[in-house]
Structure formats: C-alpha cells, structure tokens
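Worksheet: one structure, shown below.
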Amino acid sequence: MAGCGGGGSEAPAAAKATEAKFDPANFGDPATGANHYLPLKPGTQSVREGATSVGSRRVPHQVTTTVTDVYREINGVRTVAVLDHEIDAGQVSQESLDYLAEDEDGNLWYLGGYTEEFQGGRYVSALDAWLAGVKGAKAGLLVQAEPRAGSPPYAVAQP
C-alpha cells in the first residue's frame, strides 16, 4: 500500500537510532508545558495501567508519572525532575527520577536519571545513574513535539 511502508510482505527495515542535535541555547523554562504528550508543568500526573510478565506470570502493571517542582541545571539546561513509580501485582517494582527539559520547539529531552529496582516490594539495586555532560553521557530526544511517521528513533548516550 502506498504511504504505508511498502506493498510487499517483507517487514520494513528497522530504523537506525540517531542522535538529535543538542544545543543548550535552544532551551527555556521546562514548566511551559508546550509538549502535548508529556507537559512538564509541576503537579502534572498521569497513570498508565496494563500488564507485564514477572517470570512466567502475567501480572497487573501500573506506572504513575509525576512532574515535580524540583529543578536542576544539567549540561547548561534547566531541567525538571519527573518521578516514575511502577507497581507490579500490587508491589513496587521500580522507581525512577528522570531529569527532563523542553526545547523551544516543544520537544522533550532526557538529560539524566536514577533508577532503583525492587523485587517483592523490597529494594534490590540501583540500575543506573547518569547526567548529560558527565563521563561522556549525552542528552537525548525523548518525545518529539510533532512526531511524524518515519521519524528515526533517537538515542541517549549513557556512560
């Protein structure tokens, strides 16, 4: 079919991840909330529900995302801390603190994060901790303001 990626039965080639052009001068106040998919206004909260596999079992999965009022300058950009709280089968499974910023075009950028893993509701380990500009880590485009079909996926370079 025209416009749908081809007319044959072959699967389309996987898009290659690319780095978006990062320019600290292209950022303003992250709390403007211009991105429709994830407004960075403090107090904004969303809850997503579904299911996930834990071992061989399918269990209910819930992610609560909360935009905090905590700001931090990272790699020359004012970011806002966003908390993700994940629950599997009624128990905390993961908590993440991510630092996000919005550029002047409304795109959301990922500039750092810290993630903890839990099993049976108990802390197990810290999965990662990174900040753009430290030890080779680079900011990455997280959510485009106006996503278009065929846009390449974007990569975040963590050390």
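For the reader, a short list of remarks on this structure follows.
- For Ala34, the conditions (1) within 24 Å of Lys138 (Cα to Cα); (2) of a type in the set (Gly, Ala, Ser); (3) surrounded by 15 or more Cβ atoms within 10 Å (Cβ to Cβ); (4) at pLDDT 95 or above all hold with the exception of (4).
- Pick from the stretch 95-113, criterion among the acidic types (Asp, Glu) and within 23 Å of Lys21 (Cα to Cα), ranking: surrounded by the fewest Cβ atoms within 10 Å (Cβ to Cβ): Asp105
- For the stretch 63-77, the count of residues that are in contact with a helix residue (DSSP H, G or I) (Cβ under 7 Å, 6 or more places away or on another chain) and on the phi < 0 side of the Ramachandran plot is at least one.
- Of all residues in the stretch 17-48, exactly one satisfies the criterion of being within 30 Å of Ala89 (Cβ to Cβ) and more than 17 Å from the chain's Cα centre (by Cα), namely Gly43.
- Selection of the stretch 83-94 for residues being under 15 Å from the mean Cα position of the chain (by Cα) and either over 16 Å from His61 (Cα atoms) or surrounded by 18 or more Cβ atoms within 10 Å (Cβ to Cβ) (or both) yields Leu83, Glu86.
- Of all residues in the stretch 49-82 being more than 19 Å from the chain's Cα centre (by Cα) and in a loop (DSSP other than H, G, I, E, B), the one that is surrounded by the most Cβ atoms within 10 Å (Cβ to Cβ): Gly76
- Extreme residue, farthest from Gln62 (Cα to Cα), among residues of the stretch 121-138 that are modelled with pLDDT under 90 and not acidic (Asp, Glu): Leu127
- Any chance Glu116 is under 28 Å from Ala25 (Cβ atoms), among the acidic types (Asp, Glu), modelled with pLDDT of 95 or more and surrounded by fewer than 19 Cβ atoms within 10 Å (Cβ to Cβ): no
The values are calculated or read from the model by the stated rules, or taken from the named source; none is laboratory data. Treat the numbers as computed from the prediction; the structure is a model and nothing was measured. Note that we place each Cβ from the backbone using ideal geometry, even for glycine, and neighbour counts take in every protein chain shown.
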